[in-house]
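Nothing in this text is a laboratory measurement; each read-out follows from the coordinates by a stated rule. A quick note: this is a predicted structure, and the numbers were derived from the prediction, not measured. Ideal geometry is used to build each Cβ from the backbone, glycine not excepted, and the neighbour counts take in all protein chains shown.
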Amino acid sequence: MSDSWQNVVLRNQHPKLRMFANCDADVSSAKSEVQPALRVTTEELAASTPPLATAIAPEDAPVSGTTKKHGVDVQAQRAAVEVSVFIRSTDSLPPVAGQQTLRGMATRRMTLDEVYDLARDAGTIFIEPADALKLPRPIKGSAGGTAPARRVPGVTPAQLGDGKGMLIGIIDVEGFDWAHTDFLVGGKSRFVSIWDQGAKVGRNRKGLKRGRVISAADMQTALTDAAKIHVSPHDLEPQSQMVVGSHGTHVASIAAGNSGLCSAAEIAAVLIALPEDEIDRRTSFYDSTCLLDAVYYLLDLAGERPISINISLGTNGHAHDGSSILDRWIDALLSEPGRSICIAAGNAGQERPEAPDDLGYMMGRIHASGKIDAQGLDHILEWQVVGDKIKDASENELEIWYEPQDRLAISIRPPDGDWIGPIQPGEFLENHQLPDRTLISVYNELHHPTNGANYIATYLTPFFGSNLIIGIPAGVWQVRLHGLVIRDGAFHAWIERDDPADLGDGSYFWPSFFTEASHVDTSSVSALACGQRIVSVANLDELKRRAHITSSQGPTRDGRLKPDITAPGTGIVAANGFGGPDDPWIEMTGTSMASPYVAGVIGLMLAAEPTLTAAQILGIIKATARPLPGATYQWTNDLGFGVISPAACVAEASHALARTELKKTTPPATAPTVTAAAPPGRPASRRAAKPATRRPPPEAAS
């Protein structure tokens, strides 16, 4: 192939794909450890660079002699690296086993050569890499033996039902303790299927290209045999993740455990892969296409049965306006009746520390916004990379979105460095190396193919050498936006961040964030929770009668009202997955706990009326929401339309499709006498009202 990626026009592909391609293969190997949509094809290549945990700070790096200069070996890169992508096309792409296709949208796992060829196809509208999934970070409390109180106090089971006939789907992490007493009835588990996407061997269901499925029969056999030989059923049917206090178990317990909302529903789950070893991470995909595969699996399992799915994972990439290919795909799947998906709004609501050692605010400062009032004016954002035993050895991403009628240029200033830029609309700077060997890439793009908006993608990349990794320098990076053409002037910026990681040596990976001066405490709701038909759920702190401080806020970038609803998510006691017999329950706090509460309520609604659409379900939830004391029915950016009312939701759902025909009556022979209402203090006139006369139109008047 004579063409070079270096000459590919960025017309129909995300800039990140070009950046992936124009790297050495060993650089891609290091990147793939924290880029879930990127993988190298051999373990030899995966081991070609040190683990990111060995990264050093720039000030500790040797001046020369032990680092490898970045070069570009396009041919080697194309052959050695695969990427997971979403595709929009004018034509329906041919189906590929184990990958999804719907109405001109497709997922593919391709070599960079194949991405290059597809980008040149006239029918390709856009190719974008799959997003990293943001892991749930609930606040975990103590475990113990006290079972949870009733999920809906003051309401009888007869008023709610129990979800019999429903399928509750859970897409989550850390494993599902299907043998917990909260899921056992008569010695049988109420789980009917678990697709473990991260399992390396085992029984595959038809159409699945990875992982293994644990069926209801497998679980029953394990329960029976484990009792005979006195071992845990999970020893006989293990999962790739079985974390004590597992998130997935807790979520399933809230939505559909024996102590949960839908206590008689069947439960199906998908365990999203989370490779622990750096070699496994570099050779595996664990991105948002895996989430879409999970949704398809659950919908297929449900068949004609109604299903309520909960996803307590999120994404931060894209425009936060529901226009990403994944958002539109999920909306399309929800067009059929009897389907609903709840998504946690996210835990990025905290903007400042609550105590001296509270670092939660760093997770909250992901959004900035503002307005450039006129041509020639600038706006500066402050982007913080932290130090002091917190090192950043992963790629930092900043996306700035603004209106299509405006034109902005961008300049960047590293800590203690000089300004780089301005980079004009339609220009890009790729893999620009600083003296400390950090790489900067900036792409100033016009008219994104999915929503028409303009956007600027900025990446800070550590130095990935063959025997040395140098982290991004700590400090404040300044980002200056220059107003070139201003008709509207508004912009939004989000940091696409990594999850924190304890490196075990007293140091940490920690995501970058906006300084307090730049952070704007709105529009932090997960990008995945911005879809049109999904239910976006915030976390209610019932004790304080407000949204929990960590609960993410709306609205979306395009002004739509997300989150939709709030539900109890603070101090929630539910099943303690894989815990000991003395500690069967555990307390957790987060939107991850609020979302399955709503998913359970929706399960009850669909049990009452199985043909409700996702749009109708969302409408009923909004119509029956109750405000907190002293509040109104108006939407707020932290609580949505209010607190969910389970009994009112079920009652409304049960008669939502009922219609009453008015009986026809015989009209009177003569028109009734109409009397005019009298002004106060004056008796009404007894004369018939004079018929109104129509004035002729102006052209007919004489």
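Applying both filters, DSSP loop and at most 16 other Cβ atoms within 10 Å, to the trypsin sites (Lys or Arg not before Pro) of the range 438-503 gives Arg487. Over all other residues within a Cβ to Cβ distance under 14 Å of Val442, the charged ones net out to -2, with Lys and Arg as +1 and Asp and Glu as -1.
Applying 1/(1 + (r/R0)^6) with R0 = 30 Å to the Cβ-Cβ distance of Leu359 and Arg120, what FRET efficiency is obtained, to the nearest 0.05?
Working: r = 46 Å, r/R0 = 1.54.
So, using R0 = 30 Å, E works out to roughly 0.05.
Estimated at 0.36 nm per residue, the fully extended path between Thr90 and Ala149 surpasses their Cα-Cα distance by 15.9 nm.
What does the charge add up to near Met110, with Lys and Arg as +1, Asp and Glu as -1, over the other residues with Cβ less than 10 Å from its Cβ? Numbers along the way, then the final one.
Details: positive: Arg108, Arg109; negative: Glu82, Asp113, Glu114, Asp117.
Around Met110, the charge tally is -2.
GluC sites (Glu not before Pro), restricted to the range 235-313: which are DSSP loop and have at most 15 other Cβ atoms within 10 Å?
Numbers: sites: Glu266, Glu276, Glu278, Glu304; in loops: Glu276, Glu304.
Passing both the DSSP loop test and the Cβ count: Glu276, Glu304.
The equivalent ellipsoid that matches the C-alpha gyration tensor of the chain spans semi-axes of 45, 36, 25 angstrom, in descending order. The distance from the alpha carbon centre of the range 556-634 to that of the range 341-420 is 29 Å, rounded to a whole number. Label-to-label distance, Glu59 versus Arg545, with points set 7 angstrom from Cα along the beta-carbon direction: 5.0 nm.
Residue separation times 0.36 nm, minus the C-alpha to C-alpha distance between Ser142 and Ala623: what's the value?
Details: separation 481, 0.36 × 481 = 173.16 nm, distance 3.62 nm.
Roughly 169.5 nm would be gained on extension.
The trypsin sites (Lys or Arg not before Pro) of the range 75-155 that meet both conditions, a loop assignment by DSSP and at most 14 other Cβ atoms within 10 Å of the site Cβ, are Arg103, Arg120, Arg150. Available extension along the chain between Thr111 and Ala658 is 191.6 nm, counting 0.36 nm per residue and deducting the alpha carbon span. Counting charges near Ile372 (Lys, Arg +1; Asp, Glu -1) among other residues having Cβ under 15 Å from its Cβ returns a value of -1.
Where in the chain lies the longest segment free of chymotrypsin sites (Phe, Trp or Tyr not before Pro) that are both loop residues by DSSP (not H, G, I, E, B) and have at most 16 other Cβ atoms within 10 Å? Walk me through the numbers on the way to the answer.
Working: sites that count: Trp419, Tyr633.
My reading of the result: 1-418 is the longest stretch.
Put a dot 7 Å past the Cα of Thr181, heading toward its Cβ, do the same for Leu446, and the two dots end up 6.7 nm apart. Pairs from the list Lys31/Lys134; Lys164/Lys562; Lys140/Lys200; Lys134/Lys562; Lys188/Lys228 with a Cα-Cα gap above 20 Å: Lys164/Lys562; Lys140/Lys200. From its DSSP helices (H runs of at least four residues, each -39,500 (n - 2.57)), the chain gives a residue-normalised ellipticity at 222 nm of -5500 deg cm²/dmol. Put a dot 7 Å past the Cα of Ile229, heading toward its Cβ, do the same for Glu44, and the two dots end up 4.0 nm apart.
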